[in-house]
Amino acid sequence: MISGTVGLIPGTGIEHNWYGYVPVGFLLGGFIYMMWTELPRFWFGPQTKRAARTLVVRGTQASFIGALPAMLDVYGRAIFARGYPFQNLAESIGSIFFGIGIVTLSIGLILEWKRLPRAVDNAAHKALDMMKTSGFGLDDSRLWIGIDPTQNDYGSSYESAAEFVIVLNTGCVYGSGARGLYQTIIHEMSHVYLFQKKHPSHDEKTLKEIYDPIVKRFPKKWQWRIIRSAIYYSQEVFAEDTTFKVLEGARKAWAIAIIEYLRRRRAIQKALAIGSKRRMWGNALLVVRNCFYATEIERYQMPDSTGSVKKASEKLLSSLPPVASTAFDYFRQVFLGLRNDITLEDYKKTLEDYLSKFIALAEERPNTFFAGEKAL
């Protein structure tokens, strides 16, 4: 953008070949964004003090400083058609800094990736002992735990061929609070416990019986994902119940995380999509998500001295059609009414009605919603 804008101004020296600098602009812009936004978010935030992190942080900083002379040269020549004083000396010193930074950064990453599996393995064994002591023991002979830095969530779990898999994002390994390693891994182990005990909320046969007929009516893949996410929030209620019984302080940490999330603009920002139907479905899922978080605060009587939960809910609902408020109240009653001793038949009926109302909201069918008819 900078290259193109400057290139349209006569007298800059690049008005005839400005487009050649666009790839360079993207490269350097991406480098700056990575150094000052993405890497600091993971490495420079509050984390456990350790040698590997220090090396990565210092190596990143040294690399950026070392690259500055070259970046100044590129844009100095692009904009002013000239270099800058003592350029050769600056680039020589920059090359040294850049080399030292890359080596330091590489050593830090190597140490980090050697330590990550050990840290997760130690935490997993401790978490298994905590689950057993609390009366929620797992069959760990069929349990696998992996690390995947590319997944969006801090943790996820699923059943596959009578075995159970927990996948952790690297962000949770050295995180803290509700997004820290122990709370994340125990939360995912709570899901595995419910899978292994064939709890109604985690009975794959029942979920398949309800889910499969729906996706036949709504064949788009993005609709499948949204419906699956809506089911996920009903499962989360039971997993959180177990987590809070196992890990001391988990309830307080989760309350802090919820309130912090609801303070952000993203919590009330309506879905962005080209198609109106996709926006409607995205907004419906946003209503369910916010309702789930608000209900968690109410369900476990967590303090909210600033009123952030109520403010976020009111602001979101005021920006949506009136049916969203009715749906929010309905979802709230569903989440509050879920109990660990629920029977398979009762959960099945609850989930069918819950998804029916969700789809009515996603399709903006207020008459169907108010009439209580099924939208499946």
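Bear in mind these aren't lab numbers, they're just calculated from the coordinates by the rules spelled out. Since the model is a prediction, treat every value here as computed from it, not as a measurement. All Cβ positions, glycine included, derive from the backbone under ideal geometry; neighbour counts span all protein chains shown.
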Open item on the list: Just want the answer: with Cβ charges of +1 for Lys and Arg and -1 for Asp and Glu, which residue in F136, S229, Y154 is farthest toward the dipole's positive end in the range 136-234?
Closed with: S229
Task: Derived scalar couplings ³J(HN,Hα) [the range 215-231; Karplus, 6.51 cos²θ - 1.76 cosθ + 1.60; whole Hz; x for Gly, Pro] - done: 5, 6, 7, 10, x, 5, 5, 5, 5, 4, 5, 5, 5, 5, 5, 4, 5
Task: Cross-link partners of K205 among aspartates and glutamates (Cα-Cα below 16 Å; sequence separation of 8 or more within a chain) - done: E159, E163, E345, D346, E352
Open item on the list: Give me a comma-separated list of calculated 3J(HN,Hα) values for the range 246-262, in order, Karplus coefficients 6.51, -1.76, 1.60 applied at θ = phi - 60°, integers in Hz, x for any Gly or Pro.
Closed with: 8, 10, 5, x, 5, 5, 5, 5, 5, 4, 4, 5, 5, 5, 5, 5, 5
- [ ] Mind listing the long-range amide H neighbours of I145? Cut-off is under 5 Å, sequence gap 5 or more, other chains count too, H placed in the peptide plane at 1.01 Å from N.
- [x] I166
Task: Whole-Hz couplings from phi, Karplus 6.51/-1.76/1.60, listed for the range 196-204; x for Gly and Pro - done: 5, 8, 6, 4, x, 6, 10, 8, 4
Open item on the list: Going through the cross-link list K277/K315; K208/K245; K114/K198; K220/K245; K208/K252; K197/K357, which pairs have a Cα-Cα distance over 32 Å in this structure?
Closed with: K114/K198; K220/K245; K208/K252
Task: Antiparallel DSSP beta bridges within the range 134-197, percent to nearest 5 - done: 55 percent
Task: Burial order of peptide ranges 85-92, 331-338, 285-292, 55-62 (average beta-carbon count within 10 Å, highest first) - done: 285-292, 55-62, 331-338, 85-92
Open item on the list: At a threshold of 8 angstrom on Cα-Cα distance, excluding pairs fewer than six apart, so keeping six or more, what relative contact order does the range 134-197 reach in percent?
Closed with: 34 percent
- [ ] Give me the number: length gained by fully extending R265 to E209, i.e. 0.36 nm times residue separation minus the C-alpha to C-alpha distance, one decimal in nm.
- [x] 16.5 nm
Task: Fraction of beta bridges assigned by DSSP in the range 104-239 that are antiparallel (%, nearest 5) - done: 55 percent
Open item on the list: Calculate the FRET efficiency for L111 and D304 from the Cβ-Cβ distance with a Förster distance of 35 Å, rounded to the nearest 0.05.
Closed with: 0.30
